[in-house]
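Structure, as structure tokens:
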Amino acid sequence: MKRNKTLSLVFHTAFMLFLMAPLVIVIIVSFTDKGFISYPSDGLSLRWYRAALAEPRIMESFWLSLKLAGLASTIAVCLAVPAALALTRFRFPARDAISAFLMSPLMIPNVVLGVSFLRFFNIAGLSGSIFWLTMTHVIFIFPYSLRLVLASATGMDREVELAARSLGAGKRHTYGRIILPLILPGLAGGWLLSFIQSFDELTMTVFVATPGTTTLPVWMYNHIAQTIDPLITSVSAILIIATVIMMIIMDRLVGLDKVLIGKG
């Protein structure tokens, strides 16, 4: 038994190192002092970090991606709450069909979604608007929010809600003080996962983005196609570190184990 535990620990450690190695290499390469991607490097430098922070197009696309992901994930979670409560509490005709329809963006390739949205926007004359770009992201990330909110709503103890109603609490008070706190891990996990998916989305966005609505992943893709300087590694390293910080904050606020499974 002890030997099996040791082998399991060694295997999982090696597996995690294998997964983390590319991220570590990207961070190391971002400190190169050369004008091209090189590993190992002769010296360490913050040259490309200064270049990234001084590049106005990077900062503009970063803030656009941040606003887009924040807004789209918030809208997706707000829509996921009533949808999840309706699917878990009521039995009605075509319930399974509606649930499958809401989850359908997960089964459609991103490139198909991108081409479809591009065609639709061209016909309707809606391209170039940040509003419609946000709506495309909401459609794309909504299933991620719904899955985690559904997990929390399914495991919610209805007796607590009924007890509050029997003690005289109104519908709004019960919803705000009982239901939302009970499904909070699902809300937090759904928002976080949706935010990451929206911020990192490239395949679909590259079809519907315009020069005025270029997100950071689209800018990085275009930059890689034109040059091979290490600027992209410094941007990637910043995003990796920012993601780790966000996960730590979420763990302190809600609990990462609850967020990942969407249950309290």
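The values are calculated or read from the model by the stated rules, or taken from the named source; none is laboratory data. From a predicted model like this one, the values you see are computed outputs, not experimental measurements. A quick note on method: Cβ atoms are made from the backbone with ideal geometry, for glycine too, and the neighbour counts reach across all protein chains shown. Please note that ligands, DNA and RNA were not included when accessible areas were found on the heavy atoms of the full protein model with its side chains. Shrake-Rupley method; radii C 1.70, N 1.55, O 1.52, S 1.80 Å.
Observations on the model:
- When the Cα gyration tensor is reduced to axis lengths a ≥ b ≥ c, the ratio a/c is 1.5 or higher for the stretch 1-85, and with a/b not above b/c it is classed as oblate.
- Rounded accessible area of His12 (nearest 10 Å², 1.4 Å probe): 100 Å²
- q = 0.14, 0.18, 0.20 Å⁻¹, the stretch 22-130: log10 I(q)/I(0) [Debye, one scatterer per Cα]: -0.90, -1.06, -1.14
- Once divided by 2.2 N^0.38 Å, the Cα radius of gyration of the stretch 203-242 becomes 1.23.
- Net charge of neighbours whose Cβ lies under 14 Å from the Cβ of Thr215, counting Lys and Arg as +1 and Asp and Glu as -1: -1
- The order of Lys34, Lys5 by accessible area, most exposed first and with a 1.4 Å probe, is Lys5, Lys34.
- Apportionment of accessible area to carbon and sulfur, the stretch 1-101, percent (1.4 Å): 73 percent
- Across Tyr49, Tyr39, the residue with the most accessible area heads the list, and the full order at a 1.4 Å probe is Tyr39, Tyr49.
- Accessible-area rank, largest first, for Met20, Met107, Met250: Met107, Met20, Met250, with all protein chains present and a 1.4 angstrom probe.
- Helix 231-253 axis, angle to the chain major axis (alpha carbon atoms, nearest 10°): 30 degrees
- Spatial extent of the stretch 171-256: Rg and Dmax, with the Cα atoms as the point set, Å: 17.9, 58
- With the whole protein complex present, Val208 retains an accessible surface near 10 Å², based on a 1.4 Å probe.
- Convex hull per residue volume in Å³, alpha carbons only, for the stretch 110-239: 142 Å³
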